[in-house]
Amino acid sequence: MEQKSSIKIEHNVLTVCGVSTVDSVFDKEATLTFADGKLVVKGNGISVAKLNVEEGIATIKFSDLHSLIFGGGDKFSFKNLFK
């Protein structure tokens, strides 16, 4: 049974559920794959703090989160969220 995809942001930690693979992780970008698409996380100081492949959960730490880009290019930017 596939786990439902979800994202939780708390302090400087992003918890992503429903992950099938972590494709790449760099200081400014991480790419994760789900059963139904991809997620690109952009920011600064990005690192994978914890990865549980069996449960499909990735915990990503960051110092500054800029955007989350989903599958087909839908982009959610944090720059204008609180203006």
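The values are calculated or read from the model by the stated rules, or taken from the named source; none is laboratory data. Note that this is a predicted model, so its numbers are computed, not measured. All Cβ positions, even for glycine, are placed from backbone atoms using ideal geometry, and neighbour counts span all protein chains on display.
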For region 31-42, state whether one or more residues are part of a strand (DSSP E or B), modelled with pLDDT of 90 or more and under 15 Å from H11 (Cα atoms).
no
Where residues in region 22-52 are surrounded by fewer than 14 Cβ atoms within 10 Å (Cβ to Cβ) and of a type in the set (S, T, Y), which of them is farthest from H66 (Cα to Cα)?
S24
